[in-house]
1. Tell me, yes or no, whether segment 57-74 has at least one residue that is within 14 Å of the ligand (Cβ to nearest atom), in a loop (DSSP other than H, G, I, E, B) and modelled with pLDDT of 95 or more.
2. Scan 133, 148, 140 and give me the residue that is in contact with a strand residue (DSSP E or B) (Cβ under 8 Å, 6 or more places away or on another chain) and either under 14 Å from residue 41 (Cα atoms) or loosely packed, with under 14 Cβ neighbours inside 10 Å (or both).
3. Considering only segment 112-119, I want to know if a residue exists there that is at pLDDT 95 or above, closer than 18 Å to residue 80 by Cβ and near the ligand (Cβ under 9 Å from one of its atoms).
4. If I ask for residues that are outside any helix (DSSP H, G or I) and more than 18 Å from the chain's Cα centre (by Cα), which ones from segment 113-147 would you list?
5. For residue 108, are the conditions met, namely being farther than 18 Å from residue 46 by Cα, touching a strand residue (DSSP E or B) at 6+ places or on another chain (Cβ under 6 Å) and touching a residue at least 24 places away in the same chain (Cβ under 8 Å)?
6. For segment 76-97, which positions are within 11 Å of the ligand (Cβ to nearest atom) and part of a loop (DSSP other than H, G, I, E, B)?
7. Which residues, taken from segment 134-148, are out of contact with any helix residue (DSSP H, G or I) (no Cβ under 9 Å at 6 or more places or on another chain) and more than 14 Å from residue 38 (Cβ to Cβ)?
Ligand code: HEC
């Protein structure tokens, strides 16, 4: 048994090396991560619409998409650290020049996605519609000013 513990110990030590590196995130990885979170939000919005507007029948899935949007919406505010303005990114440098205004838009996203989650949980249809509209406006409001337009 003792002998077998050694390779396991080595494996743990090796795994600990990338774990330690996470504390200093490379800007390229931070950019990849924010794109992944943004894409995830987009996928949940698409799925939410298909259910909410009756194109598919999975009403019982609505809560999961709304909750995911609320969780991800709360993350947006930390996805734009300094140093991630350059590289493979469509984020405009204006973000880091207008931090107050940008943070407000990230806060709007957090608030509207939380409202959507709560309205869905309460089975409040008009509230759900209103919150979904506000959520869409918050995505668009930020993209219009702070994301490079499509070529
Ligand atoms: C506070 C500003 C802000 C809000 C709010 C916001 N986004 Fe974004 N989003 C950005 C920026 C900036 C980028 C460009 C990121 C990059 O290329 O590094 C982006 C990129 C994206 C992308 C492209 C990701 C990729 O792979 O290139 C998608 C999709 C997206 N957002 C969806 C959404 C959806 C859906 C919402 C609302 C639920 C939303 N965003 C809300 C700022 C925002």
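The values are calculated or read from the model by the stated rules, or taken from the named source; none is laboratory data. This structure is a prediction, so every number in the text was calculated from the model and none was measured. Cβ sites come from the backbone with ideal geometry, for glycine too, and all protein chains shown count toward neighbours.
1. Quick first cut of segment 57-74, residues within 14 Å of the ligand (Cβ to nearest atom) only: 65-74.
Checking the rest, the ones that are also in a loop (DSSP other than H, G, I, E, B) come to 74.
Restricting the remaining residues to those that are modelled with pLDDT of 95 or more gives 74.
Yes, segment 57-74 contains a residue that is within 14 Å of the ligand (Cβ to nearest atom), in a loop (DSSP other than H, G, I, E, B) and modelled with pLDDT of 95 or more.
2. Details: 133 fails: in contact with a strand residue (DSSP E or B) (Cβ under 8 Å, 6 or more places away or on another chain); 140 fails: in contact with a strand residue (DSSP E or B) (Cβ under 8 Å, 6 or more places away or on another chain).
Going through 133, 148, 140 in turn, just one is in contact with a strand residue (DSSP E or B) (Cβ under 8 Å, 6 or more places away or on another chain) and either under 14 Å from residue 41 (Cα atoms) or loosely packed, with under 14 Cβ neighbours inside 10 Å (or both): 148.
3. Just the residues of segment 112-119 that are at pLDDT 95 or above, to begin with: 112-119.
So of that shortlist, the ones also closer than 18 Å to residue 80 by Cβ come out as 113.
Going one step further and asking which of them are near the ligand (Cβ under 9 Å from one of its atoms), we end up with 113.
Yes, because at least one residue in segment 112-119 is at pLDDT 95 or above, closer than 18 Å to residue 80 by Cβ and near the ligand (Cβ under 9 Å from one of its atoms).
4. Taking segment 113-147 as the starting set, the residues that turn out to be outside any helix (DSSP H, G or I) are 122-124, 147.
Answer for segment 113-147, where residues must be outside any helix (DSSP H, G or I) and more than 18 Å from the chain's Cα centre (by Cα): 122, 123, 124.
5. Numbers: farther than 18 Å from residue 46 by Cα: yes; touching a strand residue (DSSP E or B) at 6+ places or on another chain (Cβ under 6 Å): no; touching a residue at least 24 places away in the same chain (Cβ under 8 Å): yes.
Answer is no for this residue.
6. Of everything in segment 76-97, those that are within 11 Å of the ligand (Cβ to nearest atom) and part of a loop (DSSP other than H, G, I, E, B) turn out to be 79, 80, 84, 85, 86, 87, 88, 89, 90, 92, 93.
7. The one that is out of contact with any helix residue (DSSP H, G or I) (no Cβ under 9 Å at 6 or more places or on another chain) and more than 14 Å from residue 38 (Cβ to Cβ): 144.
The rows are residues; the columns are (1) surrounded by fewer than 17 Cβ atoms within 10 Å (Cβ to Cβ); (2) more than 18 Å from residue 143 (Cα to Cα); (3) touching a strand residue (DSSP E or B) at 6+ places or on another chain (Cβ under 6 Å).
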| residue | (1), (2), (3) |
| --- | --- |
| 58 | yes, yes, no |
| 63 | yes, yes, no |
| 66 | no, yes, no |
| 74 | yes, no, no |
| 97 | yes, no, no |
| 100 | yes, no, no |
